[in-house]
Amino acid sequence: MIKIDRPSTAPTKLTKDGAEATEELKRLFEADPDGYKSGKKKFVFNKKIYGHETVKAALKAAQFDKCCFCERKTEVGHVEHFRGKGGYQQDETETLQYPGYYWLAYYWTNLLFSCETCNSSFKRNFFPLKNPKHRATSHHDDISIEKPLIINPSTEDPEKFIEFYSHYPKAIKGNKRGLETIKRTGLGRPFIDDRRREHYLRVKAFYLLSNEPSLPANKRDELRQLITEASNKESEYASMIRCALKHGFRY
């Protein structure tokens, strides 16, 4: 994961249709808060708004077509809600709780672009907090007092919490947020590990060759340029390569 620079201006689809839909969701909640909190009533969300092509395109552009969590480039991905719109779970021991962060369903700063696996197979509705008692359960509550355990790459720098040993993601000094983020987004799942390993070994080979005195200077410069490009924010698995460079590919 790397820090995402999200444009401050939201797509028109969200500021117009999304704003109107949000007011309707609030109105529905006000009419029967107990019904929505019990789960007897459930909100219906319009994917044509939050998943509109202009919204998805803006997110993909900000993230260089990379998943916000695993950093794999993908054309087929989801518009991910950082705070789940329909419901939430603190952990596996808790059943799905309602109503979820319905008032943020069309909110620009709650949206990210993620690969299907990170979103649907791992993060799903998990949204653990340091103190669950501080959870906002309606649009009347203040989400600013929440302390999410999953790192939000659009507002925080994940590299302060997660590092890499070779191609394996690790929580720096075992910090809770790094551990929870790796677990809930599947950053260590086998398929991604295999892809990262191939990429790591390739760039490591470039690194070693770039320091080989017997190689012509122009060739070493070319290799160093490739390494620099691999660490740029638009490249796949940039956080892993940055960490490797920081430690001289010592792992």
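Structure notes:
- Any hit, the stretch 112-119, residues being under 20 Å from Asp91 (Cα atoms), touching a residue at least 24 places away in the same chain (Cβ under 8 Å), of a type in the set (S, T, N, Q) and in a helix (DSSP H, G or I): yes
- Selected residue (only one of Lys42, Lys48, Lys60, Lys37 is without any contact (Cβ under 8 Å) to a residue 40 or more places away in the chain and either part of a helix (DSSP H, G or I) or under 24 Å from Pro128 (Cα atoms) (or both)): Lys48
- All positions within the stretch 202-212 that are part of a helix (DSSP H, G or I) and farther than 26 Å from Ser114 by Cβ: Lys204, Ala205, Phe206, Tyr207, Leu208, Leu209, Ser210
- For Ala136, the criteria (1) assigned to a helix (DSSP H, G or I); (2) over 30 Å from His247 (Cα atoms) hold in every case but one, which is (1).
- Output for the stretch 178-191, where each listed residue is out of contact with any Asp or Glu (no Cβ under 9 Å at 6 or more places or on another chain) and either part of a helix (DSSP H, G or I) or among the acidic types (Asp, Glu) (or both): Leu179, Glu180, Thr181, Ile182, Lys183, Arg184, Thr185, Pro190, Phe191
- Ile151 being under 14 Å from Met240 (Cβ atoms) and of a type in the set (Val, Ile, Thr): no
- Only listed residue being of a type in the set (S, T, N, Q) and surrounded by fewer than 17 Cβ atoms within 10 Å (Cβ to Cβ), chosen from Ser154, Ser114, Ser144: Ser144
- Filter result for Leu215 (part of a helix (DSSP H, G or I) and farther than 30 Å from His81 by Cβ): no
- Applying a threshold of 8 Å to beta carbon distances and a minimum spacing of six or more residues, or different chains, the list of pairs starting in the stretch 229-245 at a residue that is closer than 19 Å to Asp5 by Cβ and ending at one that is surrounded by fewer than 18 Cβ atoms within 10 Å (Cβ to Cβ) and polar (S, T, N, Q) reads Ala238/Asn232.
Every number in this text was worked out from the coordinates using simple rules, so none of it is lab data. What you see is a predicted model, and the numbers here were worked out from it, not measured in a lab. Because the Cβ atoms are built from the backbone with ideal geometry, glycine has one as well, and the counts that use them run over all protein chains shown.
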